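S.K.: Would you mind keeping the following structure in view while I ask a few things?
The values are calculated or read from the model by the stated rules, or taken from the named source; none is laboratory data. This structure is a prediction, so every number in the text was calculated from the model and none was measured. Methodologically, a virtual Cβ is constructed for each residue, glycine included, from the backbone with ideal geometry; neighbour enumeration extends over all protein chains shown. In case anyone asks, the SASA skips ligands and DNA or RNA and just uses the protein heavy atoms, side chains included. Shrake-Rupley method; radii C 1.70, N 1.55, O 1.52, S 1.80 Å.
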Amino acid sequence: MNRSLTDNLNMVSKLTPGKAWNAAKVLGSYVVSRYTGRAVQWGLPISISLEPTTSCNLRCPECPSGLRAFTRDTGMLDEKLFRKVIDQMYGHLLYLTFYFQGEPFLHRQFLDFVRYASGRGIYTATSTNAHYLDDAQARATVESGLDRLIVSIDGTTQETYEQYRIGGSLEKVLEGTRNVIRWKRKLKSRKPHVVFQYLVVRPNEHQVEEVQTLADQIGVDEVAYKTAQVYEYEKGNALIPENPRFSRYRKNDNGTWSIRNRLLNHCWKLWHSCVITWDGKVVPCCFDKDASHQLGDVGRNPFKRIWLDAPYRDFRSKVLNARSNVEICRNCTEGTSVFASA
């Protein structure tokens, strides 16, 4: 059976009548909001991103974790807070990404968190630089019930890889990936669905085709090519790819650069998902890396109240009325940033 189809069927298996009804309400409220210009919300999130930690072993140049440049507090997700979130949300939550900033495997309880969420019938995913997937950790990862493992690779040679993944070892990435795939086979497990994610920047765009060959050799299930967000793009940036297919930006006639997409006054993410930081702050999406738009705190209030309360409604209304006025939206190309191949 096609491996992507197997993964999709696995996700569908997590769907319950309650989750399906919630998803219908979310979609309906988004459609009504988009076409009336009035923010309404009838459902609860279909998916969330939950941050295990802000810590990271690498120093990638466009990442607050790598730059050690957060303006918000940094730390590790507390087990009690984690369980509180899952216990409140598992009835309507289909998809949980254990990632926002940082390297998830630096959290010693990370795989315990995965087991708990998986046991609650939630599709679980994470993104990793794969430097901590030794033999024992790879086996534990497969046994945890993790559904999707996204491995950041970003180069097929060490010379290319380290230009963005500063301080990283491509050999460790490949070894960790091989360890997981070997344990999948030993344990006769179809999970996790292993994805090579290739963040396309100018230093590595010449190896775009090579990563698929490498993935096939190792036995990776899927390759996804992701466009890069850069913070200083108006005057150009050495990371912007030359191939426009892999760029979020375009060069204007006057020599300046701008986002390729128009900033339309709507955003599906604000209706179906959110991000929860390691310390319980609820923020709109992954573009709010410093949690500057905090819409609530799950450590203090039930999530449902936060999701349906005035601050969230007001933020959705701002996006519906003038998305370009919201700072975190101005460098966003929602829905057009990933190209996948099986």
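S.K.: Quick one: with all protein chains in place, what share of the accessible area of the chain is carbon or sulfur, to the nearest percent (1.4 Å probe)? Before the final figure, lay out the partial values.
M.R.: Numbers: 7780 of 15600 Å².
Reported share for carbon and sulfur atoms: 50 percent.
S.K.: Modelled label-to-label distance, T71 and N10, 7 Å Cα→beta-carbon offset: nm?
M.R.: Reported label-point gap for T71 and N10 is 3.9 nm.
S.K.: For E205, tell me the accessible area in Å² from a 1.4 Å probe, rounded to the nearest 10.
M.R.: Here the residue's solvent-accessible area equals roughly 40 Å².
S.K.: Taking the Cα centre of the chain as origin and charging only Cβ (+1 Lys, Arg; -1 Asp, Glu), how large is the dipole, in debye to the nearest 20? List each step's numbers first, then the result.
M.R.: Working: 47 positive and 36 negative charges, 257 e Å.
It comes to approximately 1240 debye.
S.K.: What FRET efficiency would be calculated for the residue pair R108, D253, taking the C-beta separation as r and a Förster radius of 45 Å, to the nearest 0.05?
M.R.: Numbers: r = 53 Å, r/R0 = 1.18.
Efficiency computed from Cβ-Cβ geometry: 0.25.
S.K.: For Q137 paired with A24, estimate the spin-label separation in nm (one decimal), with each label point 7 Å from Cα along the Cα-to-Cβ line.
M.R.: Simple spin-label model gives 4.4 nm for this pair.
S.K.: Could you pull out every residue, at least 5 positions away or on a different chain, whose amide H is within less than 5 Å of the one on H193? Hs are placed 1.01 Å off N in the peptide plane, and Pro or chain starts have none.
M.R.: R148, L149
S.K.: Relative to the Cα centre, what is the charge dipole magnitude of the stretch 201-342, using +1 at the beta carbon of each Lys and Arg, -1 at the beta carbon of each Asp and Glu, and rounding to the nearest 20 debye? Each step should come with its number before you reach the end.
M.R.: Details: 20 positive and 18 negative charges, 153 e Å.
Dipole size: approximately 740 debye.
S.K.: For K186, list the lysines whose Cα falls under 26 Å from its own Cα; do not include residues on the same chain fewer than 8 positions away.
M.R.: Result set, ordered by chain and number: K14, K172.
S.K.: Amide H to amide H under 5 Å from D297: which residues, 5+ apart in sequence or cross-chain, H placed 1.01 Å off N in plane?
M.R.: V282
S.K.: Explain nothing, just the number: dipole magnitude of the stretch 43-166 about its Cα centre with +1 on each Lys and Arg Cβ and -1 on each Asp and Glu Cβ, in debye rounded to the nearest 20.
M.R.: Numbers: 12 positive and 15 negative charges, 75 e Å.
Charge dipole of the stretch 43-166: 360 debye, to the nearest 20.
S.K.: Would you please classify the overall shape of the chain from the alpha carbon gyration tensor, given that a ≥ b ≥ c denote the square roots of the eigenvalues, rounded means a/c under 1.5, and beyond that prolate means a/b larger than b/c while oblate covers the rest?
M.R.: Details: a/c = 1.55, a/b = 1.10, b/c = 1.42.
Verdict is oblate for the chain.
S.K.: Turning to a different aspect of this structure: Could you name the lysines in cross-link range of K251, using Cα to Cα under 30 Å and dropping any fewer than eight places away on the same chain?
M.R.: Correct list for K251: K226, K235, K269, K289, K318.
S.K.: For the chain, report the accessible area per residue in Å² (1.4 Å probe, heavy atoms, rounded to an integer). Let's see the in-between values first.
M.R.: On the way: 15600 Å² over 342 residues.
Heavy-atom accessible area per residue stands at 46 Å².
S.K.: Taking 0.36 nm per residue of sequence separation and subtracting the Cα-Cα distance, how much length would be gained by fully extending the chain between R305 and H206, in nm to one decimal?
M.R.: Numbers: separation 99, 0.36 × 99 = 35.64 nm, distance 4.83 nm.
Gain in length upon complete extension: 30.8 nm.
S.K.: Multiplying the sequence separation of W42 and R260 by 0.36 nm and subtracting their Cα-Cα distance, what value in nm do you get?
M.R.: On the way: separation 218, 0.36 × 218 = 78.48 nm, distance 3.24 nm.
In short, 75.2 nm is gained.
S.K.: If I model a spin label as a point 7 Å beyond the Cα along the Cα-Cβ vector, how far apart are those points for S292 and Q217 in nm?
M.R.: 4.3 nm
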